[in-house]
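Student: Below you will find the structure I want to go over with you.
The values are calculated or read from the model by the stated rules, or taken from the named source; none is laboratory data. A quick note: this is a predicted structure, and the numbers were derived from the prediction, not measured. Neighbour counts are summed over all protein chains in view; Cβ atoms, including those assigned to glycine, are modelled from backbone coordinates with ideal geometry. Accessible surface is based on the protein model in full, side chains and every heavy atom, while ligands, DNA and RNA are left aside. Shrake-Rupley method; radii C 1.70, N 1.55, O 1.52, S 1.80 Å.
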Amino acid sequence: MSRINNTDARAASRARLSDGLVNNEGKWLLPSGRGVQRKISQRVKPLASWVATCALLLSPCVPIHAALLKGDVDFSNYDAPLYKQIVDRIKAKVAARLGEGVNTQDRYFLVPFAYQDKGNNPEFAHSFIWVIRVLTDGRQPSLTPRFRRRRFKNRDFEAFTISWLPDDFDTNPHLRVFEGVGSSLDPKMNKCPISIGRNFRLDQTLKLAVNVKNAVGMWGPYEIKKEAFDLAVKRKQLLDRGTIGYRADDRLYHKDRVAINCFHAMAGPEDLYPDGGFLGTGFRMWGINATARVLIEYTKQVSNQGQLLEPIDIKNDLYGFVYAPERNSPGLYDPFPNASAYHQ
């Protein structure tokens with residue numbers, strides 16, 4: 001569950017404040033000590049525009065996924081299902097990273113994801129990751145138990161997803177997040193029950209996004225060390241054991257570990273409940289914002305231990321897939337710097 005604060009209105013209000021200090025003749029109006037407005041020459045009119053622009057560009061509340069210069073949505077793969085578009089993009093990027101030579105050792109990659117709707121509703125947001133192991137060429141590998149071996153361009157690989165949701169979410173997709181007056185502030189007021197949890201596959205998770213026409217974002221793939229892959233395997237095995245339930249608001253369960261949300265399920269490989277920001281679970285910590293927060297945790301904790309083998313640019317690495325009812329549809333919900341369109 002996760003997302004990013006929409007603060008365009010705040011930045012726009014700053015621009016309006018600057019505009020309000022300029023009269024119709026392009027002159028700044030300032031109160032004098034006598035309560036009479038002094039007029040400043042029209043030559044300072046460009047300064048008003050400059051101040052207004054800076055208010056927008058330098059506002060600390062600009063969402064991290066809002067690009068100042070957005071590219072047009074790419075419709076070239078519009079007729080391909082969302083799952084195929086995403087998997088093809090991942091395979092192409094991993095293949096380019098591996099190169100044409102012989103792969104003499106196992107290589108490991110991490111692909112973080114998020115999806116959300118236009119209304120920034122936590123009930124329709126989710127964070128998840130896909131973890132990949134590319135196997136050494138020409139050698140019989142020791143496969144991870146219960147993982148399926150796959151093949152792409154003469155490369156063998158195995159992959160799994162950490163996508164933690166209520167067990168029946170595919171047939172009953174009505175996520176209960178906050179129920180009760182003041183429940184978002186005080187977890188003791190939240191009446192939502194604990195659900196049996198299930199780790200969904202990548203294709204199943206993306207189908208959930210398609211069903212509600214959500215915008216889906218991905219980062220990476222990022223190359224990681226074997227130790228990071230092993231930690232992710234342990235996390236998946238822990239979730240699959242059935243000893244931990246699902247609850248979107250898991251603030252009351254950090255100590256006894258009886259329930260966890262999707263954000264914490266994929267965050268902090270060595271810690272089930274890393275600091276998710278304000279209120280523990282995180283204020284508006286769902287969708288894109290939650291996965292971005294996870295990447296901050298990875299950067300601070302994992303990369304310092306050498307487990308991430310490349311840097312993460314949380315803002316510029318984000319690529320999106322947006323729903324379009326028809327080819328070249330206008331007015332799409334597109335919270336990404338760059339995106340492709342899908343409809344199935």
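Student: Could you count how many residues in region 293-320 are at pLDDT 95 or above and either in contact with a helix residue (DSSP H, G or I) (Cβ under 6 Å, 6 or more places away or on another chain) or aliphatic (A, V, I, L, M) (or both)?
Tutor: Result for region 293-320: 1.
Student: Here's a follow-up. Among the charged types (D, E, K, R) and out of contact with any Phe, Trp or Tyr (no Cβ under 6 Å at 6 or more places or on another chain): does that describe Asp117?
Tutor: Details: among the charged types (D, E, K, R): yes; out of contact with any Phe, Trp or Tyr (no Cβ under 6 Å at 6 or more places or on another chain): no.
So Asp117 does not fit the description; no.
Student: Could you pull out the residue among Gly119, Gly138 that is closer than 30 Å to Arg327 by Cβ and open to solvent by 30 Å² or more (accessible area, probe 1.4 Å)?
Tutor: Details: Gly138 fails: closer than 30 Å to Arg327 by Cβ.
Among Gly119, Gly138, only Gly119 is closer than 30 Å to Arg327 by Cβ and open to solvent by 30 Å² or more (accessible area, probe 1.4 Å).
Student: So which residues in region 80-105 are touching a residue at least 40 places away in the same chain (Cβ under 8 Å) and in a loop (DSSP other than H, G, I, E, B)?
Tutor: Correct list: Ala80, Pro81, Asn103.
Student: Enumerate the pairs (first residue in region 178-198 and β-branched (Val, Ile, Thr); second residue anywhere and part of a strand (DSSP E or B)) with beta-carbon separation below 9 Å, excluding pairs fewer than 6 apart on the same chain, so at least 6 apart or on different chains.
Tutor: Ile194/Gly245; Ile194/Tyr246; Ile194/Ala259; Ile196/Pro166; Ile196/Gly245; Ile196/Tyr246
Student: Of the residues Val210, Val216, only one is open to solvent by 10 Å² or more (accessible area, probe 1.4 Å), touching a residue at least 24 places away in the same chain (Cβ under 8 Å) and within 26 Å of Tyr333 (Cβ to Cβ); which? Write out each step before concluding.
Tutor: Working: Val216 fails: open to solvent by 10 Å² or more (accessible area, probe 1.4 Å).
Result of the check over Val210, Val216: Val210.
Student: On the given criteria, is Ser183 modelled with pLDDT under 85 and loosely packed, with under 13 Cβ neighbours inside 10 Å?
Tutor: Considered against the rule, which asks whether it is modelled with pLDDT under 85 and loosely packed, with under 13 Cβ neighbours inside 10 Å, Ser183 comes out as no.
Student: Let me spell it out: the conditions are (1) open to solvent by less than 10 Å² (accessible area, probe 1.4 Å); (2) modelled with pLDDT of 85 or more; (3) assigned to a loop (DSSP other than H, G, I, E, B); (4) in contact with a helix residue (DSSP H, G or I) (Cβ under 7 Å, 6 or more places away or on another chain), and Ala290 meets all of them except one. Which number is the exception?
Tutor: Ala290 satisfies all of (1) open to solvent by less than 10 Å² (accessible area, probe 1.4 Å); (2) modelled with pLDDT of 85 or more; (3) assigned to a loop (DSSP other than H, G, I, E, B); (4) in contact with a helix residue (DSSP H, G or I) (Cβ under 7 Å, 6 or more places away or on another chain) except (3).
Student: Restricting attention to region 225-250, and to residues there that are more than 30 Å from Leu309 (Cβ to Cβ) and not small (Gly, Ala, Ser), which single residue is most open to solvent (accessible area, probe 1.4 Å)? Walk me through it before giving the result.
Tutor: First pass over region 225-250, keeping only residues more than 30 Å from Leu309 (Cβ to Cβ): 242-243, 245-250.
Checking which are not small (Gly, Ala, Ser) leaves us with 243, 246-247, 249-250.
Values: Thr243: 90, Tyr246: 5, Arg247: 8, Asp249: 1, Asp250: 0 Å².
Step by step, filter region 225-250, then rank; the result is Thr243.
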